[in-house]
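Engineer: Structure below; questions to follow.
The values are calculated or read from the model by the stated rules, or taken from the named source; none is laboratory data. Here the structure is a predicted model, which means the values were calculated and not measured. FYI the Cβ positions are ideal-geometry reconstructions off the backbone, even for glycines, and counts take in every protein chain you see. Accessible surface is based on the protein model in full, side chains and every heavy atom, while ligands, DNA and RNA are left aside. Shrake-Rupley method; radii C 1.70, N 1.55, O 1.52, S 1.80 Å.
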Amino acid sequence: MAFDSHEKRQFKQVGTRPPRPDGVDKVTGRAQYGADVTAPGMLTARILRSPHAHARIVSIDTSEAEAMAGVKGVVTGRDFALPEDAGLADIAVNVMARDKALYDGHAVAAVAAVSPAIAKAALKAIKVQYEVLPHVTDVDAAMQPGAPVVLEGRALESVPAGMSVNVTHASEFGHGDLAAGFAKADRIVERSFKTAATHQGYIEPHACLASVTVDGKADLWCCTQGQFMVRTVCAALMGMEASQLRVTASEIGGGFGGKTTVFIEPVALVLARKTGRPVKITMTRDEVFRATGPTVSTSIDVKIGMTKDGRITAGEARLRYSGGAFPCGTVDMGAMAAFAAYDLEAVRTQGWNVLTNRPKEAAYRAPGAPQAIYAVESVVDELCQILKLDPLDVRIRNAAKKGTKSSYGPVFDDIGLLATLEAAKAHPHYKAPLKPGQARGVSCGFWFNFGGNTCVSLNVNTDGTVGVTEGNPDIGGSRASISLMAAEELGIPYDKVRTIVADTASLGYNDVTDGSRVTFSVGLATIAAARDAKVKMCARAAKIWGIDDEAVEWKDGAAWPAGPNAGQFPPMSLAEIAAVSFQTGGPIAGHHEVNADGAGVSFGVHLCDLEVDPETGKTTILRYSVFQDAGKAVHPDYVEGQMQGGAVQGIGWALNEEYIYGRDGRLQNPGFLDYRVPVASDLPMIEAVILEIPNPGHPYGVRGVGETPIVPPLAAISNGVSRAVGVRMQELPLSPPRVLKAIKAA
Amino acid sequence: MSSISVSTTVNGDPVDFVCTPDESLLDALRNRMGLTGAKEGCGTGDCGACSVLLNGRLVCSCLVLAAEAEGAEIATVEGMAGPEGLHPLQRAFIDHAALQCGVCTPGILVAAKALLEKNPDPSDEEVRYWLAGNLCRCTGYDKIVRAVQAAAAEMRSA
C-alpha cells in the first residue's frame, strides 16, 4: 500500500503519546503471562536434558519413573512425529532428541506428574545410556577438516566440495570489480573479528498450558511471538489439523526473536494427549539458557580500501556463522547487511553457516546483522583513525541514498541514512568535548524490516466504539499504535478503540511478531480495514439519504453528502450510523488481508562516549545517543523505547554478554548471575532522536523500528574502547579481562 | 514431606495457607493464593521479577521459604492500587511508557515503592543502584528512571 502522498496529511492522533490500553493490567499484576494460568486437573511436566555436548542415545529406560506414584506420563523422542519438511523436522528433533543429543541441554525425555516435585523426582528415575561423542563448539574449529561431525548430509548444493561436513550453507552477494577497487585505495585495512553467542535474555521463561480432548481437539496457551506459527508447527508435529488446535498467545514477557519458534509446546501437547489431562510446562532459567535462544557465534574477516580523502573504493567480507546444531540461514542476513550503509562501486561478501554442538539458533533482533556490521564499522573506524578523518564525515561521504544499488542487490528507495548521519553530526553530543581518558565511538546500523502475512478485522459497535482484532502478540506497545492508527483513519477518539490480540480460531493467519513488522504491517492492514468500514458506512448513509454511494465522502469521523448533494443533509457521525446499523443492513465491519511488502529499510547512527579503567579493563558508558529513521513515529514513546532498549541490549552484547563453553562442551554460565545483562546502574540515560523520513510503502509512512537499534552499539562501543586504549579490539564481548589483556599487550 | 500451616497477612488481608517445607514464598503466592503478579524470571534471586515486601523489607520471594512468612506482613504488586485508584508509581509507569513487555514491571514497582518510602527524593544514581537488582530487558531503564522520579516528585508535593 503506497504512501498517501496525494494529500498533505495533518495527523491528529498518530504521533501523540496516549496511555497504552494494556497499561493498567501490566502495572497491577493483572496481565496474564505464559506461566500465570492453571486448569482444573492440571499436571506439571519437567524435561530431562542431556548433560553432554554430543552423545549417542543408546537407550532410555523410563519404567522406574512411570511406576512412581503421581507420575501420569513419560515421553521421549519416539513419541513425536518426524515431519517430512526439513525445517519442521529440525524443530521436532530440537524439541526432543531422537538418536543423538546434539548439545548440552538438549531435551531427551519429559515427565508429567501431579506435582512439580514429583515430576522433578521422576526425572532422576529415568535412565539414559549415552555414548559420548567428540564435540565442537567453536565456529572456526568446526570448519576444520577432521572436526567432529555434528550432523551428516545437511550441506546444501551451494556449499563447495572439500569443505568440512559441518558447513551447511554458503552465500555470496555483491557487485563491481574488487581488484580494481582495492587498486584505487590509498590505504587498505584487513582484520578478523569474533563475536560470542548471546541470548535474547527475555525475563519471562517459556511457559505453556496444553489440553487435548479425547475427540482430538486441543487448546494451547503459551507465551509466543506468533500463535499461528505455533499452530502450524505443533499441528504438524502432532499430526493434527490446524482447525482442531486453538492457540492463544498469553501476554509475552519479552521475546526479541527468541519466541519465534517452539520448544516446550509440542511436549505439553503430546503429554496432554497421552495423559488426558491439561499439562503445564514452565522452563527454568537454566533451561532457557541451555536450550533456547542464542544468536549465532561468528568469525568474520573484513577488508576495506579507502582513499586519503575518505572515499571507500572496495569492501570485502567473509563471514563464518554458527547457528548451533542445526542448519541455519542467518549468515545470509549478515552477508547482505554488512555493507548496506555504503554506496560502493565494488563490494563482495561471502557467508558460510557451520554446525556446532550448541543450541539451535533463534532470531535475536536484526538476526545476523549486528555481527557483520560490527566488523565492517570497526574497519571503517580504523581507516578513519589512520587517515585522520572524521568518522561521521567519512560515513556521510559514502552513505547509501535513494538510487544507490545496495551491496545486496536492490536499489534503495527513500531512505534516511544521510539525514540520520547529519542529525548526529549536528547534535550537541558530537560537539561535546571529551576529557582525558575518554573516547567517542560511532557506528551506523541497518536492518531490512519485513511485512508479511497480516489479517485484521475492525468491528463498528452500535454505541459508536470500535474493536480491532489483530493477530500479533503485543511485545512493546503495539496495541496502542494500532489503536492510534484506527482512530486516526476513522476520525474518532483513541479511547473509543479497543485492540485485542486474537487466538488462532478467531482470525486469519498472521506471521509472527518479528522483522519489525507489526506497526508497519498490522498498521497498514488496520488502516485498510478502517477504509473498508468507511466505505460501508458511507453506503449506509447514502441509503438513509436516498443518494448514490459515490455521492458520500468520509471526513472528520462522519459521512458527508458530497458533490451536487453537498449540504443537502447534515453529516452522520460514525456513532449515528452505527446506532441505526440494524435498520440499514446489519452490523458494520471492515477487514483487510494482505501479504505486505514495502516495509522500507531502516538506518540508525549511534554515538557513545566511554572511558576504560586502565587498572581493571572495565568500560563505563558515559553518554549514549541514538539517531534513527522511524518513518512516521506512530507512538513516539514506544519508538524511543525500542531505540533505547535495543541500544542497551547492544551495549550488553558489546561489553559483557557471552555464552561460555567449557572444554567439556557444557555451557558454564546458564544464569543471570554469570550471564550478565545490563542493569540500571551500568547505564546513563539513552537519548533517542527520531527522524521521520516517510516510508513510501505505507499509507502513513511508517517504518519498522524495533531491530535496527541493536546493530550499531557493538561497533560504536568497540570503536570507542579501541580509541580509548589505543589498541584495535577484534573480539566481543569487551569484558574487563579481555580489555585488560589488550592494554597490557600494547 | 508433611505440609506446614502458615498464617500471614498479604496486602493487609489475613491469609492462611499450607505449604511444603521446601516451597518458596513465590510459589505459595502464585500457586496457593493466586497472586500471579510476582513473576519467576530466574528462581535464583538474580532478576528481581519476584520482588515483594516482607515486613517492609524488599526481598526476592523466590529466595524466601513460604514457611518463613509465618506471622509476617507481605506486600505484593496486587496491593499497590487502592480503591481510590492507581498508586502514583503505577500511573507514572503508564504515563512515561516505562514498560514494554511488562513482565519485570510488578517487581520494579514494588522495589521502587520501597525506595521512595526510605528516600522520597532520590538522585537518578540512587534510583539506578536501588533498582540494579531488577532486570528489565526491554526499556534500557531510561524511562523507568524518569517514571520513578516523576512519581517521587508527585508524592513529595502531595
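Engineer: Given H placed on each backbone N at 1.01 Å, which residues far from B:S24 in sequence or on other chains put an amide H within less than 5 Å of it?
Structural biologist: B:A66
Engineer: Still on this structure, I have one more. Which distance in nm do the two modelled labels at A:Q385 and A:R187 give, with both placed 7 Å along the Cα-to-Cβ direction?
Structural biologist: Inter-label distance under the simple model: 1.0 nm.
Engineer: Can you give me the long-range amide H partners of A:S297? Hydrogens built in the peptide plane at 1.01 Å from N, cutoff under 5 Å, separation of 5 or more residues or another chain.
Structural biologist: Those lying under 5 Å, H to H, from A:S297 are A:S322, A:G324.
Engineer: Of all accessible surface on chain A at a 1.4 Å probe, what whole percent is carbon and sulfur? Display every interim value, and only then the final one.
Structural biologist: Details: 13360 of 25650 Å².
C and S fraction of accessible area: 52 percent.
Engineer: With a cut-off of at most 11 other beta carbons within 10 Å, and DSSP calling the residue loop, which GluC sites (Glu not before Pro) in the range A:605-709 qualify? Please list them.
Structural biologist: A:E615
Engineer: OK, next. With all distinct Cα pairs included, what does the Kirkwood hydrodynamic radius of the range A:119-250 come out to in Å, to one decimal, could you say?
Structural biologist: Radius from the Kirkwood sum: 21.0 Å.
Engineer: Output wanted: per-residue J couplings in Hz (rounded whole) for the range B:72-77, from phi through Karplus 6.51 cos²θ - 1.76 cosθ + 1.60, θ = phi - 60°, x for Gly and Pro.
Structural biologist: 8, 9, 10, 10, 10, 4
Engineer: Provide Rg over Rh for the range A:623-746; use the alpha carbon set for both Rg and the Kirkwood Rh (inverse mean inverse pair distance).
Structural biologist: 1.07
Engineer: Over the Cα atoms of the range A:479-573, what is the Rg over Rh ratio if Rh follows Kirkwood?
Structural biologist: Radius of gyration over Kirkwood radius for the range A:479-573 works out to 1.08.
Engineer: Go ahead and run the numbers for FRET between A:L434 and A:A161, Cβ-Cβ distance against an R0 of 45 Å, rounding to 0.05.
Structural biologist: It comes out at approximately 0.30.
Engineer: If you don't mind, another one. Quick check on chain B: of the DSSP beta bridges with both residues there, what percent are antiparallel, nearest 5%?
Structural biologist: Just about 90 percent of them are antiparallel.
Engineer: Helix-derived [θ] at 222 nm for chain A: sum -39500 (n - 2.57) over DSSP H runs of at least 4, divide by residue count, nearest 500?
Structural biologist: Computed ellipticity for chain A at 222 nm equals -8500 deg cm²/dmol.
Engineer: Now for a separate question. Calculate, for the protein assembly as shown, the solvent-accessible area per residue in square angstrom, rolling a 1.4 angstrom probe over the heavy atoms of the protein chains.
Structural biologist: Value for the protein assembly as shown: 35 Å² per residue.
Engineer: Which links in A:K431/A:K618; A:K100/A:K360; A:K496/A:K543 stretch past 18 Å when you go from one Cα to the other?
Structural biologist: Exceeds cut-off: A:K431/A:K618; A:K496/A:K543.
Engineer: Given Cα pairs under 8 Å that are at least 6 residues apart, what percent is the relative contact order of the range A:605-712?
Structural biologist: Dividing the mean separation by the residue count of the range A:605-712 yields 40 percent.
Engineer: A further question follows. In whole percent, what relative contact order does chain A give with Cα contacts below 8 Å and a gap of six or more residues?
Structural biologist: Dividing the mean separation by the residue count of chain A yields 16 percent.
Engineer: Give the long-range amide H neighbours of A:A399: residues separated by 5 or more places, or on another chain, with amide H under 5 Å away, using H modelled in the peptide plane at 1.01 Å from N.
Structural biologist: Close amide H contacts, sequence-distant or interchain: A:D343.
Engineer: Shape verdict for the range B:80-158, please, from the Cα gyration tensor: rounded (a/c under 1.5), prolate (a/b greater than b/c) or oblate.
Structural biologist: Cα axes put the range B:80-158 in the oblate bin.
Engineer: HN-Hα J couplings of the range A:142-148 from phi, Karplus 6.51/-1.76/1.60, θ = phi - 60°, integer Hz, Gly and Pro as x?
Structural biologist: These are the phi-based 3J(HN,Hα) values: 5, 8, 6, x, x, 5, x Hz.
Engineer: From Cα pairs below 8 angstrom and at least 6 apart in sequence, can you work out the relative contact order of chain B, rounded to a whole percent?
Structural biologist: Values: 286 pairs, mean separation 36.6, N = 158.
Computed over chain B, the figure is 23 percent.
Engineer: Work out the FRET efficiency for A:S63 and A:K120 from their Cβ-Cβ distance, taking R0 = 22 Å, and round it to the nearest 0.05.
Structural biologist: Once the sixth-power term is evaluated, E becomes 0.75.
Engineer: Pull out the extension gain between A:E550 and A:R56, defined as 0.36 nm times the separation in residues minus the alpha carbon to alpha carbon distance; nm, one decimal. Intermediate values should be presented prior to the final figure.
Structural biologist: Details: separation 494, 0.36 × 494 = 177.84 nm, distance 7.10 nm.
Stretched out fully, the A:E550 to A:R56 stretch lengthens by 170.7 nm.
Engineer: If you keep only loop residues by DSSP, which chymotrypsin sites (Phe, Trp or Tyr not before Pro) in the range A:1-104 have at most 14 other Cβ atoms within 10 Å of their Cβ?
Structural biologist: When the chymotrypsin sites (Phe, Trp or Tyr not before Pro) of the range A:1-104 are filtered for loop state and at most 14 Cβ neighbours within 10 Å, A:F11 remain.
Engineer: Taking all pairs of different Cα atoms in the protein assembly as shown, averaging 1/r and flipping that mean, what Kirkwood radius in angstroms comes out?
Structural biologist: 28.7
Engineer: Return the inverse of the average 1/r over all pairs of distinct C-alpha atoms in the range B:10-135, which is the Kirkwood hydrodynamic radius, in Å to one decimal.
Structural biologist: Hydrodynamic radius (Kirkwood, Cα only) of the range B:10-135 equals 14.9 Å.
Engineer: At 1.4 Å probe size, put A:H606, A:H591 in order of accessible surface, largest to smallest.
Structural biologist: Sorted descending by solvent-accessible area, the residues read A:H591, A:H606.
Engineer: Express in Å², to the nearest 10, the accessible area of A:I544 obtained by rolling a 1.4 Å probe over the protein heavy atoms while all chains stay in place.
Structural biologist: Accessible area of A:I544: about 80 Å².
Engineer: In addition: For the range A:91-160, what value does the Rg/Rh ratio take when both radii are computed over Cα atoms and Rh is the Kirkwood radius, given to two decimals?
Structural biologist: Across the range A:91-160, the Cα-based Rg/Rh ratio is 1.10.
Engineer: Tell me the label-point distance for the pair A:K402, A:I660, using the 7 Å Cα-to-Cβ offset, in nm and rounded to one decimal.
Structural biologist: Inter-label distance under the simple model: 5.1 nm.
Engineer: Inside 10 Å of the C-beta atoms of A:29-37, what's the mean count of C-beta atoms belonging to other chains?
Structural biologist: Across the residues of A:29-37, the mean count of other-chain Cβ atoms within 10 Å is 6.
Engineer: Within 10 Å, count the other beta carbons around each residue, average over each peptide in A:592-601, A:452-461, and list them highest first.
Structural biologist: Put in order of decreasing packing, that is A:452-461, A:592-601.
Engineer: Something else: Once ligands and nucleic acids are excluded and a 1.4 Å probe is used, how much of A:L178 is accessible, expressed in Å² to the nearest 10?
Structural biologist: Accessible area of A:L178: about 30 Å².
Engineer: Can you compute 3J(HN,Hα) from phi for each residue in the range B:112-126, using the Karplus curve 6.51 cos²θ - 1.76 cosθ + 1.60 with θ = phi - 60°, rounded to whole Hz and x for Gly and Pro?
Structural biologist: Taking θ as phi minus 60°, the curve returns 5, 4, 4, 4, 5, 5, 7, 9, x, 9, x, 6, 4, 5, 5 Hz for the range B:112-126.
Engineer: Carbon-plus-sulfur fraction of the accessible area of the range B:4-79, 1.4 Å probe, in percent?
Structural biologist: Exposed carbon and sulfur together represent 46 percent of the surface.
Engineer: So for the range A:446-499, what percent of the C-alpha to C-alpha distances run longer than 17 Å? Each step should come with its number before you reach the end.
Structural biologist: Details: 580 of 1431 pairs.
Across the range A:446-499, Cα pairs with separations above 17 Å total 41 percent.
Engineer: Give the A-B buried accessible area in Å², both sides summed, 1.4 Å probe, nearest 100.
Structural biologist: Approximately 3700 Å², summed over both chains.
Engineer: Could you tell me the largest-minus-smallest coordinate of the C-alpha atoms of the range B:4-79 on each of the three principal axes, in descending order and whole angstroms?
Structural biologist: The Cα atoms of the range B:4-79 stretch 28, 25, 20 Å along the principal axes, largest first.
Engineer: Give the distance, in whole Å, between the Cα centre of the range B:37-95 and the Cα centre of the range A:268-344.
Structural biologist: 36
Engineer: Also: Pop the C-beta distance of A:K274 and A:Q568 into the FRET formula with R0 = 60 Å and round what comes out to the nearest 0.05.
Structural biologist: In this case the efficiency is close to 0.30.
Engineer: What GluC sites (Glu not before Pro) in the range B:82-127 are in a loop by DSSP, with at most 16 other Cβ atoms within 10 Å of the Cβ?
Structural biologist: Taking the range B:82-127 and a limit of 16 other Cβ atoms within 10 Å, the loop GluC sites (Glu not before Pro) found are B:E84.
Engineer: Stokes-Einstein diffusion coefficient for the range A:476-531 at 20 °C in a medium of 1.002 mPa s, Rh from the Kirkwood formula over Cα pairs: what value in µm²/s?
Structural biologist: 181
Engineer: Hey, which of these cross-link pairs are over 27 Å Cα-Cα: A:K26/A:K259; A:K194/A:K744; A:K435/B:K118; A:K280/B:K39; A:K388/A:K632? List each step's numbers first, then the result.
Structural biologist: Working: A:K26/A:K259 20 Å; A:K194/A:K744 20 Å; A:K435/B:K118 36 Å; A:K280/B:K39 16 Å; A:K388/A:K632 37 Å.
Going by Cα-Cα distance, A:K435/B:K118; A:K388/A:K632 fall outside the 27 Å limit.
Engineer: A further question follows. Divide, for the range A:189-343, the radius of gyration over alpha carbons by 2.2 N^0.38 Å, where N is the residue count.
Structural biologist: In units of the globular-protein estimate, the range A:189-343 measures up at 1.42.
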